[in-house]
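Asks: Have a look at the structure that comes next, please.
The numbers here are math on the coordinates, done by the rules we state, and not lab data. The model shown is predicted, which means the values in this text are computed figures rather than measured ones. All Cβ positions, glycine included, derive from the backbone under ideal geometry; neighbour counts span all protein chains shown.
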Amino acid sequence: MEGAEELGGSFPEWAVEPVRLVEHDPAWARRAEGFAGEVRELFGRYLIGDVVHVGSTAIPGLPAKPIIDLQSVAADPVKAVTAAGVAAEAASWMLVPRELDQQPWRWLFVRVDSQGCSRLAHLHLMPPGQARWDEQLHFRDQLRLSAELRAEYAALKQRLAVDHHDDREAYTAAKSAFVRRVTAG
């Protein structure tokens, strides 16, 4: 992750794990429900609406990093993060500092395994009215509907996972043109 030296620290193992794609697992939908339940328990009184499964694990037939992406809206994300912070960390939901995440549209939590080695899920906590909410749903839904887009994205992801095996940020950035094309359509 960029910025480690400026912040004077090293990163936990889960933060620097390599990019690893696996074939789609139908159990991901059930795992997403379980993680969504954890999110509702931790942040429930601050959430507006439901916790939604997005990202590649939400698209049947698409290879993915085995990390469940969830998104939700909080009426006041800062208040939600502050109020739930200690309980979230105790439940293995780690807040990624905003200066490291560098995505102004969200507060990112990572659900890690019991050893603190691997990511299991992400929570993209957003303020109301965030355009990214609809973009992520549109992207997911377009890939669910189109076998051609799924195949194109799968090939791109597999190539990029090899090219950027040890750089998650570069892997994600290299997918952005494809994502923009799909969400613009």
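Asks: Put +1 on the Cβ of each Lys and Arg and -1 on the Cβ of each Asp and Glu in the chain; which of SER118, SER72, ALA15 then has its Cα farthest toward the positive end of the dipole?
Replies: Checking the options against the dipole of the chain, the answer is SER72.
Asks: Can you list, largest first and rounded to whole Å, the semi-axes you get for region 5-100 by taking the square root of 5 times each eigenvalue of its Cα gyration tensor?
Replies: Computed over region 5-100, the values are 24, 21, 11 Å.
Asks: While we're on this one: By the scheme Lys and Arg +1, Asp and Glu -1, what is the net charge of all other residues having a beta-carbon under 13 Å from that of THR183?
Replies: Its environment carries a net charge of +2.
Asks: Another question about this same structure. So, with +1 on the Cβ of K and R and -1 on the Cβ of D and E, and no other charges, what is the size of the charge dipole of the chain about its Cα centre, to the nearest 20 debye?
Replies: 540 debye
Asks: Can you tell me the FRET efficiency between LYS175 and ASP113 if r is taken as the Cβ-Cβ distance and R0 is 22 Å, rounded to the nearest 0.05?
Replies: Once the sixth-power term is evaluated, E becomes 0.35.
Asks: Treating only the Cβ atoms of Lys and Arg (+1) and Asp and Glu (-1) as charged, compute the dipole magnitude of region 75-166 about its Cα centre; round to the nearest 20 debye.
Replies: Around 140 debye, computed over region 75-166.
Asks: Efficiency by 1/(1 + (r/R0)^6): what FRET value for LEU156 and GLU89, r their Cβ-Cβ distance, R0 = 25 Å, to the nearest 0.05?
Replies: So, using R0 = 25 Å, E works out to roughly 0.15.
Asks: Amide H neighbours of ARG111 under 5 Å, at least 5 residues apart or on other chains, H built in the peptide plane: list them.
Replies: Amide H to amide H, under 5 Å and 5 or more residues apart or across chains, ARG111 pairs with MET94, LEU120, ALA121, HIS122, LEU123.
Asks: Please tell me the relative contact order of region 1-117 in percent, rounded to the nearest whole number, where contacts are Cα pairs under 8 Å and at least six residues apart.
Replies: Contact order relative to length: 25 percent.
Asks: Just to be sure I understand, if you calculate Cα Rg over 2.2 N^0.38 Å for this structure, which of (i) 1.00; (ii) 1.74; (iii) 1.28 do you get?
Replies: Only one listed value fits the structure, namely (i).
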